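Below is one structure, written out as structure tokens, with a few remarks after it.
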Amino acid sequence: MCGKYAELADSYVSVNEALKHAGGACDARVQIEWIETEVFENDPSNCSILSDFDGILVPGGFGARATEGKIAALEYAREHDLPTLGICFGFQLAVVEFSRHLGMNDANSTEIDPHTPYPVIDLMPEQRAINSKGATMRLGAHEIRLIPSTMANLLYGRDVISERHRHRYEVQHDYIERIVNGGGVFSGRSIDGTRMEIFELPSKYYYMGTQFHGEFKSRPGKPSPPYYGLIKAALDKKLGRPRPEFAPVIQARV
């Protein structure tokens, strides 16, 4: 778990439980270790410690602290084909990291760098006039349309899903074509097609990011499909198996 609240493990309690649910579905025990990504920010060569792990997860969060460390972890995972899952802010930073890989130097989220030359992640238009922070984010369940035959579609086993959200920023439309032409896939989009919800790198064993929080609907015996995908891929890769052909995992509906 590559985050910024590693010393406060309870900050990720729902993520931890979702990983355990996924482990149960794979008949495997998941051992979670928390890494404070500031150690990568101070010295990117420290990312080599990730070679000891079977998969990484970059969770949500806010603010600039340790953000470059998360991006360094995502870069290491992509370059070394380490099964990876990014959640919410982790999804956004996966898009940032891949954009930099495609030559968009200093790409970033405007939440972190308002003056980035490549604002691949930007504030949602309807958020621009909001001054009070409170419960003003994009919250609650929203429907998502999945692209057929993608990892997300195979994991969910359906074309339309509903997942819960909590965010203000999103993928900026001006960069979608460039990211897709570079090999990225936005396998899940809002029903009207305006919001990117799931990001995949099909060339990798398992590399996925979700704008939503799948852990909010994960239950014992009914794990969140993206979490299940991460654990199954990590297990299969550890055992030297071919890239998994995912069967649907039915998610609990609440």
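Checked against the criterion of being crowded, with 18+ Cβ neighbours inside 10 Å and farther than 19 Å from residue 218 by Cα, the candidates 23, 61 yield just one match: 61.
Yes/no per residue for (1) buried (at least 23 other Cβ atoms within 10 Å of the Cβ); (2) more than 17 Å from the chain's Cα centre (by Cα); (3) of a type in the set (A, V, I, L, M):
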position	(1), (2), (3)
81	no, no, no
84	yes, no, no
87	yes, no, yes
98	yes, no, no
107	yes, yes, yes
110	no, yes, no
114	no, yes, no
118	no, yes, no
125	no, yes, no
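Regarding segment 221-228, can at least one residue be identified that is under 14 Å from residue 84 (Cβ atoms) and in a strand (DSSP E or B)? There is no residue in segment 221-228 that is under 14 Å from residue 84 (Cβ atoms) and in a strand (DSSP E or B). Listed by first and then second residue, the pairs linking a residue in segment 169-190 that is closer than 16 Å to residue 108 by Cβ to a residue that is surrounded by 14 or more Cβ atoms within 10 Å (Cβ to Cβ) and of a type in the set (Lys, Arg), with Cβ atoms under 9 Å apart and 6 or more places separating them unless they lie on different chains, are 170/138; 170/195; 171/195. For segment 201-226, which positions are hydroxyl-bearing (Ser, Thr, Tyr) and free of Cβ contacts under 8 Å to residues at least 60 places away in the same chain? Once the filter is applied, which keeps residues that are hydroxyl-bearing (Ser, Thr, Tyr) and free of Cβ contacts under 8 Å to residues at least 60 places away in the same chain, segment 201-226 yields only 203.
Looking at this structure, is residue 32 in a loop (DSSP other than H, G, I, E, B), hydrophobic (A, V, I, L, M, F, W, C) and either under 25 Å from residue 204 (Cβ atoms) or at pLDDT 95 or above (or both)?
Taking the combined requirement at face value, the residue satisfies it.
Here segment 202-224 is the region considered, the condition is being surrounded by fewer than 24 Cβ atoms within 10 Å (Cβ to Cβ) and hydroxyl-bearing (Ser, Thr, Tyr), and the residue that is nearest to residue 123 (Cα to Cα) is 203.
The values are calculated or read from the model by the stated rules, or taken from the named source; none is laboratory data. Fair warning: this is a prediction, and the values are worked out from it, not measured in the lab. Methodologically, a virtual Cβ is constructed for each residue, glycine included, from the backbone with ideal geometry; neighbour enumeration extends over all protein chains shown.
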